[in-house]
1. Tell me the net charge near residue 225. Cut-off is 14 Å between Cβ atoms, residue 225 excluded, with +1 for each Lys or Arg and -1 for each Asp or Glu.
2. Hey, in the GNM for the chain with a 10 angstrom Cα cutoff, which one of 191, 230, 277 fluctuates hardest?
3. I need the per residue convex hull volume for segment 84-219, using only the alpha carbons, in cubic angstrom as a whole number.
4. May I ask for the Rg/Rh ratio of segment 90-136, computed from Cα atoms with Rh as the Kirkwood radius, given to two decimals?
5. Over the Cα atoms of segment 186-301, Rg to Rh with Kirkwood Rh, two decimal places?
6. Over the Cα atoms of segment 113-180, Rg to Rh with Kirkwood Rh, two decimal places?
7. For the chain, what is the largest minus smallest coordinate of the Cα atoms on each principal axis, given in angstrom and ordered from greatest to least?
8. Specify the inter-centroid distance of segment 228-296 and segment 38-59, based on alpha-carbon positions, in whole Å.
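Every read-out reported here was derived from the displayed coordinates using simple, explicitly stated rules and does not represent laboratory data. Not measured: the values here are computed from a predicted model. Reconstructed Cβ throughout: ideal geometry from the backbone, glycine too, with neighbour counts over all protein chains shown.
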Amino acid sequence: MPDFNAITTDVSDGIFTLTLSRPDRLNAFTVGMMREMIAAFDLADADDAVRAVIVTGAGRAFCAGADLGAGGATFDYASGEGWNDVGSPIREDGSVDYSHPGVRDGGGMLSLRIFNCRKPVIGAINGPAVGIGVTMTLPMDFRLASDAARFGFVFARRGIVPETASSWFLPRLVGIGQALEWCYSGRVFNAEEALSGGLVRSLHAPEDLLPAARAFAQELTAESAPVSIALTRQMMWRMLGAGHPMEAHRLDSRAIWSRGASADAKEGVSSFLEKRAASYPDKVSTDTPHFAPWMDDPDYG
């Protein structure tokens, strides 16, 4: 594993655990953390021994949001204090080129990387998750939380707006009414409200959270073909934005056609008929079929 500064990583029993590790700053989000998290997801996808990813935080917080060390310029990308180092999007005449990479939201780049992950992703939210600390969890497949966790979509109270592609993810997860209530008010709410609002799957005592997340990850992946999981994850997430079921039919048809002739499919049927545990030979890194544009372009979306 590479040496990271803002996160730590561990792989054991097929589970890649990514821990936000700035506990003295409540794991506040920085550009360095963004880049390291993206690199960690690259590692997880490339390692065929990894069956699932768990993201959690060190210390008493999951992530307290953006590091506000730059003060009032924290969110002013044009000031040079923002996430980007790709030059200025401001033209000579003073207008802004909104298509310039310097305009891109750093949290959104992380969110899209998680969205494109080929392994199931579980958030184990061990403490406060505020601002980007909660929006980064939205493209994760499941969120398990400590009963001591707190959540807040606080953007309107900071004079900005929801980021990290959360305007796409949040209403799909909890419904438009709940999403607007939390984002309009910007208030911080407890774990019970997060559970009743559909943001998290389950609540756990702090000491039970990671064991519960690991057990859930094993339950999800122990008897399933890794390539099938990789494709299913992308098919389900992508079709949330489809305009008609025909789009899903086209995608399903390509996937079934491709996987039906695979070694995994033969093994899956044979092991069932022979009443034995399956041993799937195909690997996510080399055997995932390419029949959709997003499979070749990680930024497609």
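1. For residues surrounding residue 225, the net value is +1.
2. Looking only at 191, 230, 277, the biggest GNM fluctuation is shown by 277.
3. So the per-residue hull volume is 123 Å³.
4. Here Rg/Rh amounts to 1.17.
5. My calculation puts Rg/Rh at 1.06.
6. 0.96
7. 65, 49, 42
8. Distance between centres, Cα-based: 21 Å.
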